[in-house]
Amino acid sequence: MDVMQTEGGAETRTAAVPRPGRGVLAGALVLLLVQAVLKAVIVAQAYFKEDDFAYAARAMEAEPDPAWLTTTYLGQFMPGGFALDWVIVRLAPYDWTLVAALVVTAHTLAGLAVHRMLTTLFGKRLLVLVPLTLFVLAPASVPVLTWWAAALNTVPLQIALPMAVTAHVRFLRTGRNRYAAAAIGWILLGMLFFVKAAVIPVLLAALTWAYFGGLRGRIRLWLAYGGMLAAFVGLYLVRSLNAGPGMGGLPSLEDGLGFVGNLLGRTFLTTALGGPWGWFAGPDRAVAAPPWPLVGVCALVVAALFLATLRYRRRALAAWSILLGWVLLADVPPPLYGRVYLAGSFLGMDTRYVADALPVLALTAGLLVMPLLGEDRPWLRPLPRAEAVYAAGGLLVGGFTVASLVSINGFAAHLGARDKVDYLTAAREALAGVKRGQVVFDSPVPDFMLSQGYGKYGLTSRLLSPLADGDLRERMRTPTAATGGLVFGPDGRLRPVDVNGVKQDPPGGCWPRRQGRVTVPIPGGGDTASLVRLGTWTEERTEVSVLAGDAKYTVTLSEGLGQLYVPLPAPVRQIEVIGVPSGNTVCLGDVKAGTAVPAP
């Protein structure tokens, strides 16, 4: 309320006059709050998966120095993401509540960044809430939020891209260097999390050329953008070469074209209009599976919008080209080289690969339906009657909103990872009860946790290392020989160890001793064995040394019948036990080589 004073000193109150844009900001905040609550409910149902575990294991075995942070991982260059994950893993390992809260909060900040971009370009008008709605409700954003490794890439880019556009446009309008510096900073931030951010300068150049009078007169800014881009590409190439052979490769022509067709013609086309309405589900995840009739309907809607905007909006073709250019330059090449040759064209149905394009979708929608601040003659011809425009717009926005909610609800029905939650909960409790001196032998985690295609990160010593303290973590990675030990079962609990593998008995009941040394061959050649169990008998406690390749262990054999478990750090053909006393006081008997499993 505003307070006014009359001549007689009496106060009167009048209704406060709304400030320009206050209603727009309030509407945006309500929209962002609603979507945050909706997505928080959905993301809370998901859990860690696949690369999340590999990232956590990598973070626990390294320090955040520049060499580690700039390492490429399966083609990903994301020092910012690795640094953030390193902190999270040490603060609260495998705490999905913390991760979910962080992801939803960051994505909401991305919504604020998109709102700022739209109001900078088009002013504080209510119509900017339409492209903002496209960003916050587009179903393509939801799957990426339920996958920590994917969110580490995409969500920071969803913040950096619109903020870079905002700063760049302000520089074009004012010429102030601080806005140019801010644009460079936002681009750099995006590059620290996702290689796709390298396309931001291209987007800014296209926007400037089409809507801000061309590229002339700002040579220093373009040189700065170009230098930063060249340095980034150079660093990425150097680090990629130093990383050695990876998973990169070119797909067949059929798979490549199929991937692009699926990504553009089914996934992006439908999710941009509220689809895909159908999902192909896996464990705690799903990819788009839009019904073909609805794909056809979406194609007709987009064709109608394309023709209508070309008819009425000046430079509409430039706006459409900016959107298509981003998808083709940023979203197609990385998976086309790095993943499609492994998974085939089906990979084009994964919405993760287009979630970063949603800020560009909002930008394009704004360019198509609103004039820029100060733009002269934005329309090629007079628009149809206001009633018709509002009716068509309301139908599109309302249909998009309903379709998005249906699609998002359908995706949420496929979330849930009770088996992973139970496994990690049991493992956390089991590791807390391990006593000093107890040996925990290594073994593969169950397939529902992580496939063995992830190599050493699919082993309990790595995947579960964030749950152990420093001393136990090191003992899990480098277990010693022992007369007994523990191993994780498929339920995440620790049990007495046994060996699943090939067994061999010695001739005469004991392996022969020569000058205090007993040579024991590894059954099956030892190429795949990681643990050896050796039967023992001694008259009294006896200390011996065990040689397994380059590894040497010292262990005390218990009196009477017992077992000796020897880990094999590398494939070996035999182990040697030295320091065996003369006489018949020690007998080393049957040997079994294979992998550690819980004893029956």
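The values are calculated or read from the model by the stated rules, or taken from the named source; none is laboratory data. The model shown is predicted, which means the values in this text are computed figures rather than measured ones. We place every Cβ from the backbone using ideal geometry, glycine too, and count neighbours over all the protein chains shown.
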For this session: Go through the residues of region 274-288 one by one and say whether even a single one is in the same structural domain as G80 (by TED's automatic domain parsing), in contact with a strand residue (DSSP E or B) (Cβ under 9 Å, 6 or more places away or on another chain), of a type in the set (V, I, T) and surrounded by 14 or more Cβ atoms within 10 Å (Cβ to Cβ).
Result: yes
Exercise. Does G501 qualify as being part of a loop (DSSP other than H, G, I, E, B), out of contact with any Asp or Glu (no Cβ under 6 Å at 6 or more places or on another chain) and assigned by TED's automatic domain parsing to the domain that holds I575?
Worked result: no
Exercise. Quick check, is G458 small (G, A, S) and farther than 15 Å from P490 by Cα?
Worked result: no
Exercise. Among the residues of region 141-165 satisfying the criterion of being within 23 Å of Y225 (Cβ to Cβ) and within 9 Å of the chain's Cα centre (by Cα), which is surrounded by the most Cβ atoms within 10 Å (Cβ to Cβ)?
Worked result: T154
Exercise. Looking at region 163-172, is at least one residue over 17 Å from F212 (Cβ atoms) and part of a helix (DSSP H, G or I)?
Worked result: yes
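Would you confirm whether or not region 541-552 contains a residue that is exposed (fewer than 14 other Cβ atoms within 10 Å of the Cβ), under 28 Å from G489 (Cα atoms) and assigned by TED's automatic domain parsing to the domain that holds P490? Give the derivation first.
We begin by selecting, within region 541-552, every residue exposed (fewer than 14 other Cβ atoms within 10 Å of the Cβ); these are 541, 543, 550, 552.
Imposing the further condition that a residue be under 28 Å from G489 (Cα atoms) reduces the set to 552.
If we keep only those that are assigned by TED's automatic domain parsing to the domain that holds P490 too, we end up with 552.
Yes: one or more hits.
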For this session: Answer yes if at least one residue in region 421-434 is at pLDDT 95 or above and closer than 23 Å to K39 by Cα, and no otherwise.
Result: yes
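Filter region 297-331 down to residues that are among the β-branched types (V, I, T) and farther than 14 Å from V202 by Cβ and give me whichever is surrounded by the most Cβ atoms within 10 Å (Cβ to Cβ).
T309
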For this session: Identify, by number, the condition in (1) over 30 Å from G398 (Cβ atoms); (2) of a type outside the set (F, W, Y); (3) crowded, with 24+ Cβ neighbours inside 10 Å; (4) under 17 Å from the mean Cα position of the chain (by Cα) that L189 doesn't meet.
Result: (3)
For this session: Working carefully through the options A224, A150, A182, find the one that is part of a helix (DSSP H, G or I) and in contact with a Lys or Arg (Cβ under 7 Å, 6 or more places away or on another chain).
Result: A150
Seminar exercise, completed: Listed by range, strands (runs of 3 or more DSSP E) wholly within region 540-589 having at least 3 residues that are without any contact (Cβ under 8 Å) to a residue 60 or more places away in the chain and more than 43 Å from the chain's Cα centre (by Cα) are 542-548
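Out of all the residues in region 354-377, is one or more outside any helix (DSSP H, G or I), within 29 Å of L145 (Cα to Cα), hydrophobic (A, V, I, L, M, F, W, C) and assigned by TED's automatic domain parsing to the domain that holds P156?
Of the residues in region 354-377, the ones outside any helix (DSSP H, G or I) are 354, 370-377.
Checking the rest, the ones that are also within 29 Å of L145 (Cα to Cα) come to 354.
This time we only want the ones that are hydrophobic (A, V, I, L, M, F, W, C), so: 354.
Those still in the list that are assigned by TED's automatic domain parsing to the domain that holds P156 too: 354.
Yes: one or more hits.
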For this session: Quickly run through region 425-481 and pick out the residues that are surrounded by fewer than 19 Cβ atoms within 10 Å (Cβ to Cβ) and among the β-branched types (V, I, T).
Result: T425, V434, T478, T480
For this session: Inspect all residues belonging to region 392-404 and state whether any of them is in contact with a helix residue (DSSP H, G or I) (Cβ under 6 Å, 6 or more places away or on another chain), under 17 Å from V41 (Cα atoms), assigned by TED's automatic domain parsing to the domain that holds M370 and of a type in the set (S, T, Y).
Result: yes
Exercise. Does region 102-115 contain at least one residue that is surrounded by fewer than 20 Cβ atoms within 10 Å (Cβ to Cβ), at pLDDT 95 or above and within 15 Å of the chain's Cα centre (by Cα)?
Worked result: yes
